[in-house]
1. Please rank 242, 225, fewest neighbouring Cβ atoms within 10 Å first, as an exposure proxy.
2. For region 253-355, what value does the Rg/Rh ratio take when both radii are computed over Cα atoms and Rh is the Kirkwood radius, given to two decimals?
3. Considering only DSSP beta bridges whose two residues both sit in region 40-247, what percent are antiparallel, to the nearest 5?
4. One quarter of the convex hull surface, Cα atoms only: what value does that give for region 45-113 in nm²?
5. Give me 196, 289 sorted ascending by neighbouring Cβ count inside 10 Å, so fewest comes first.
6. Relative to the present Cα-Cα distance, how much length would full extension add between residue 194 and residue 114 at 0.36 nm per residue of separation?
7. Once you order the gyration tensor axes a ≥ b ≥ c over the Cα atoms, which shape class does region 40-247 get: rounded for a/c under 1.5, otherwise prolate or oblate by comparing a/b with b/c?
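The numbers here are math on the coordinates, done by the rules we state, and not lab data. The structure presented is a predicted model; accordingly, all values stated were derived computationally and were not measured. All Cβ positions, glycine included, derive from the backbone under ideal geometry; neighbour counts span all protein chains shown.
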């Protein structure tokens with residue numbers, strides 16, 4: 001018969017063995033799981049972001065913490081409406097439809113018709129400012145903003161994607177008012193078919209179910225905002241849940257002139273620069289194309305300066321008297337001229353012609 005001390009010794013050894021086995025198995029599982037370290041980093045990032053935006057003290061699940069890592073601190077976004085040119089009509093509609101119900105919530109209380117829409121879709125050709133509008137909305141709306149990515153909701157373990165999808169809406173409901181932004185929404189919520197993987201189909205179905213507000217009340221201020229240049233690929237059930245749609249099309253001549261003026265506002269321009277002429281010759285250019293045109297034009301003066309310095313260096317090496325003296329003005333960049341803009345325009349047209357990108361007509365959307 002064992003004595004009391006012997007029994008305690010056996011129990012102690014069993015406890016130590018059990019604890020060692022448990023932590024050993026846990027350590028092995030953590031090592032095998034490649035997502036372990038990203039999850040830990042995501043939790044740390046989520047805690048930091050929650051503190052920055054002032055929503056500390058909320059009890060969040062493990063999945064909600066993963067989603068919270070994609071919260072956007074509006075103070076880190078330097079984009080405002082002043083940084084967007086040529087889209088005044090779209091900006092006004094977005095302000096009235098999305099931002100106003102958030103900022104003037106007391107005026108809409110008690111009315112079902114005046115509540116913000118459940119979904120907003122920005123569609124149009126690439127490079128026309130859809131993502132820029134979303135950034136500006138996050139900066140000035142005064143609500144929380146989740147920059148959702150499809151990769152966040154995909155997991156190799158069966159059922160995890162559905163739990164992460166549910167966490168998107170449960171987190172948004174806890175920190176409302178909130179905007180869930182999905183860029184390139186057509187790649188995530190595209191047309192469903194019988195060839196879809198079971199896990200993908202279930203994730204889409206749960207996303208739409210939660211989006212309809214079955215688990216939230218009608219006054220819950222959560223908006224899903226999407227951006228795409230292929231609205232025809234978005235599932236019809238998704239489009240039904242996005243009643244407010246805004247077409248961000250290719251800029252017209254007056255809009256192109258405003259965009260050029262905004263892009264070149266901080267640059268040194270020659271007094272003979274005529275942006276109206278450049279705007280007339282850039283039919284079919286998007287906002288990003290115009291920015292690239294201006295960047296290429298600015299590079300011309302840099303190339304001229306480098307060539308001039310190289311010639312002076314060669315002259316000094318050859319002991320040419322005329323090249324020995326160099327003034328301080330030689331080290332300064334000259335102003336951007338109309339010729340620089342024309343040369344950049346020709347290069348852009350050649351580049352687009354070589355890649356088959358249409359210049360004189362917009363990208364078909366329907």
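1. On the way: 242 23, 225 28.
Fewest-to-most ranking of 242, 225: 242, 225.
2. Working: Rg = 16.9 Å, Rh = 15.2 Å.
Ratio value, two decimals: 1.11.
3. Values: 3 of 23 bridges.
In region 40-247, DSSP labels about 15 percent of beta bridges as antiparallel.
4. Working: hull surface 28.4 nm².
Taking a quarter of the hull surface, the average projection is 7.1 nm².
5. On the way: 196 14, 289 23.
Placing the least packed residue first, the sequence is 196, 289.
6. On the way: separation 80, 0.36 × 80 = 28.80 nm, distance 3.82 nm.
Length gained between residue 194 and residue 114: 25.0 nm.
7. On the way: a/c = 1.40, a/b = 1.13, b/c = 1.24.
Here region 40-247 falls in the rounded category.
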